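In what follows, a single structure is set out as structure tokens and then discussed.
Rule-based calculations on the coordinates, nothing more; no lab input. These numbers were taken from a predicted model, which means no experiment stands behind them. Please note: Cβ atoms are built from the backbone with ideal geometry, for glycine as well, and neighbour counts cover all protein chains shown.
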Amino acid sequence: MSALPERFWADDAWVLADAVRAGSVRAVDLLDGVLDRIATVDPALNAVCFVDPAGARAAAEAVDARIARGEDPGPLAGLPIGVKELTPVAGWPETHASLVYADRVAAHDDTETARLRAGGAVLAAQTTASEHGSVSFTNTPLHGVTRNPWSLDHTPGGSSGGAAAAVAAGIFPVATAGDGGGSIRIPAAYCGLLGMKVTYGLIGRGPGPFNSSLTPVRGPMARSPRDAARYLDVVTGPTLTDPTSLPKPAAFEPGLGSGAAQEGLRGLRVAWTDALGGFAAEPAVAAAARETAEALVDAAGMEWVDVAVDFPRPGMSWGLLSSLDDMAWHMDAIADRLDDVTPVYRLAYESVRAMRPDVLLKAIRRRAELCAASAALFEAVDLLLTPTTPTPAFAAEGALTGTLNGEEVTLFGLSAAFTAPFNVTGQPACSIPAGTVAGLPVGLQVVAPRHHDAHCLAAGAVVEAVRPWPRLAPPHD
């Protein structure tokens, strides 16, 4: 039995899992290393809000025992994983990052976390999020400010901010995340990671209600496309409690082997835009993303197509339909505790309470308009490339407005303008690291038609080969 690699925290998740499966690294030693990283690295970041050392050790010991018996624990064997605090794990806090639920404990695992366990993963700790996933920064009355490991003065994004900060700082090799308007892709872009939002329904939800807004999906916060692919191969598939869930697709990881990613993309038609729904990326961010896009298209042998990319603004439809679903499950709990929730969540409550039927009907029609615009675009192209966010990360404490190209914009325009439309349409999209602007990471977003998730991961693999990115934020390398 060899010792844990000296800099194990910089290794990809699949490398560590394969080492555990092969018996060259013990799962308990890997867990001890991760627990030590939490203790030494997280105090500056505030990315971890709950640790389960006893439960994680029992799981790691069970993995080692299976390997000793000659069994295969699964593709995520012994891999310590951070779980976003919006995803239930039996016996852990189930706070939804809100003071209102500060004392609640989850009664069961979510389907995603149950599948991770079955795949051999060790659920080690919980990562911070914005309250109910409602904003693109991570700062709550319950847990305070979570900071970006590239620069502690900046946010890691949200709502999966703790997940991104922890993976980029080398605390976890991979973490669970979720994306209802960019909550995987935005933090991935801000922290220099690969974040994948799958086709809506590909990861079935439950036990419990499926999301009636049809926008949020679960998924991985990862350092590499292969890590994301292996994670998705474990957690995708339908559930009996989710009528929108889809059949399990063919495995993603084999398609990322030597030459396979390029072959899968060769000849595809590609469009580019750095302006969407009335918002344009800052010039330096657009230039960095475009440079990475050019490298991707050239290396994969794809074809640029000059086509207009014209989407209506999704903000009202996306925001209102998301608020409706949230309030279906939380309105009664917060009605008498509005002073305990964040201003954005209070606004969601008040907007639903005061909602007029004509506004709701307009939101439903806007969703149809967005889907029609996307369908028309993807008749002409196979992939759409954009900057992931209009700007790099902003202040760690967060803000509800900001400056974009010299104009005051809402938080939506500042961070989610390029991501949220594809939650409304249910399409797969990923953020790939695209270098830095003023010392902060930015991302290239790759959007594909529904059910073509493999194209997004393949694009990540091609960029990784021709423009490799830092595996960790430089202060933690």
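Out of region 73-90, which residues are of a type in the set (V, I, T) and either part of a loop (DSSP other than H, G, I, E, B) or more than 18 Å from the chain's Cα centre (by Cα) (or both)? Spell out how you get there, then give the answer.
Going residue by residue through region 73-90, those that are of a type in the set (V, I, T) are 81, 83, 87, 89.
Passing the criteria: T87, V89.
Output the residue which, of all residues in region 21-72 that are touching a strand residue (DSSP E or B) at 6+ places or on another chain (Cβ under 8 Å), not in a helix (DSSP H, G or I) and not aliphatic (A, V, I, L, M), is farthest from A163 (Cα to Cα). Only one residue tops the list, namely D52.
Is one or more of the residues making up region 370-385 in a helix (DSSP H, G or I), free of Cβ contacts under 8 Å to residues at least 12 places away in the same chain, over 24 Å from L321 (Cα atoms) and of a type in the set (D, E, K, R)? Yes: one or more hits.
For region 405-433, which positions are of a type in the set (A, V, I, L, M), touching a Lys or Arg at 6+ places or on another chain (Cβ under 8 Å) and assigned to a strand (DSSP E or B)? Steps first, answer last, please.
First pass over region 405-433, keeping only residues of a type in the set (A, V, I, L, M): 409, 411, 414, 416-417, 420, 424, 429, 432.
Among the residues that remain, those that are also touching a Lys or Arg at 6+ places or on another chain (Cβ under 8 Å) are: 424, 429.
Within region 405-433, A429 is the sole residue that qualifies.
Could you please let me know if V34 is β-branched (V, I, T), over 21 Å from P474 (Cβ atoms) and in contact (Cβ under 8 Å) with a residue 60 or more places away in the chain?
Taking the combined requirement at face value, the residue does not satisfy it.
When P247, P312, P243 are screened for being part of a loop (DSSP other than H, G, I, E, B), without any contact (Cβ under 8 Å) to a residue 24 or more places away in the chain and either under 25 Å from the mean Cα position of the chain (by Cα) or under 22 Å from L86 (Cα atoms) (or both), only P247 passes.
Taking into account only those residues within region 119-156 that are assigned to a loop (DSSP other than H, G, I, E, B), among the β-branched types (V, I, T) and in contact with a helix residue (DSSP H, G or I) (Cβ under 6 Å, 6 or more places away or on another chain), which is farthest from L30 (Cα to Cα)?
Taking region 119-156 as the starting set, the residues that turn out to be assigned to a loop (DSSP other than H, G, I, E, B) are 119-121, 128-130, 134-138, 141-143, 146-147, 149-150, 152-153, 155-156.
Restricting the remaining residues to those that are among the β-branched types (V, I, T) gives 128, 135, 138, 146, 155.
Filter again for in contact with a helix residue (DSSP H, G or I) (Cβ under 6 Å, 6 or more places away or on another chain), leaving 128, 135, 138, 146.
Working: T128: 22, V135: 33, T138: 28, T146: 25 Å.
Applying the filter and picking the extreme gives V135.
If the condition is being surrounded by fewer than 24 Cβ atoms within 10 Å (Cβ to Cβ) and among the hydroxyl-bearing types (S, T, Y), then region 189-213 contributes T199, Y200, S212, S213.
Within region 40-66, the residues that satisfy the criterion of being among the aliphatic types (A, V, I, L, M) and buried (at least 20 other Cβ atoms within 10 Å of the Cβ) are V41, L45, A47, V48, A56, A59, A60, V63. Hey, among the residues in region 315-366 that are polar (S, T, N, Q) and either touching a residue at least 60 places away in the same chain (Cβ under 8 Å) or in contact with a Pro (Cβ under 8 Å, 6 or more places away or on another chain) (or both), which one's surrounded by the fewest Cβ atoms within 10 Å (Cβ to Cβ)? Across region 315-366, the extreme among qualifying residues is T342. For T292, the conditions (1) under 25 Å from P216 (Cβ atoms); (2) assigned to a helix (DSSP H, G or I) are fulfilled apart from (1). Taking the listed residues V359, V297, V307, the one that is of a type in the set (V, I, T) and assigned to a loop (DSSP other than H, G, I, E, B) is V307, with no other qualifying. Filtering region 257-277 to residues that are free of Cβ contacts under 8 Å to residues at least 40 places away in the same chain and in a loop (DSSP other than H, G, I, E, B) leaves G257, S258, G259, R266, G267. Residues of region 413-434 that are under 18 Å from A459 (Cα atoms) and in contact with a Cys (Cβ under 7 Å, 6 or more places away or on another chain): P428, A429, C430. Determine whether region 206-215 contains at least one residue that is of a type in the set (S, T, Y), part of a loop (DSSP other than H, G, I, E, B), under 23 Å from A107 (Cβ atoms) and touching an Asp or Glu at 6+ places or on another chain (Cβ under 8 Å). Yes: region 206-215 contains one or more residues that are of a type in the set (S, T, Y), part of a loop (DSSP other than H, G, I, E, B), under 23 Å from A107 (Cβ atoms) and touching an Asp or Glu at 6+ places or on another chain (Cβ under 8 Å). A count restricted to region 300-314 and to residues that are more than 16 Å from S374 (Cα to Cα) and surrounded by 17 or more Cβ atoms within 10 Å (Cβ to Cβ) stands at 2.
Within region 90-111, is there a residue that is buried (at least 24 other Cβ atoms within 10 Å of the Cβ), in contact with a strand residue (DSSP E or B) (Cβ under 7 Å, 6 or more places away or on another chain) and among the β-branched types (V, I, T)? No: zero hits.
Listed by first and then second residue, the pairs with beta-carbon distance under 7 Å, at least 6 apart or on different chains, first residue in region 98-114 and farther than 15 Å from T140 by Cβ, second of a type in the set (V, I, T) and part of a helix (DSSP H, G or I), are E112/V235.
Report the residue count in region 171-204 for those that are among the hydroxyl-bearing types (S, T, Y), in a loop (DSSP other than H, G, I, E, B) and under 22 Å from V442 (Cβ atoms). Of the residues in region 171-204, 1 are among the hydroxyl-bearing types (S, T, Y), in a loop (DSSP other than H, G, I, E, B) and under 22 Å from V442 (Cβ atoms). Within region 282-314, the residues that satisfy the criterion of being under 25 Å from E379 (Cβ atoms), in contact with a helix residue (DSSP H, G or I) (Cβ under 8 Å, 6 or more places away or on another chain) and small (G, A, S) are A300, G301.
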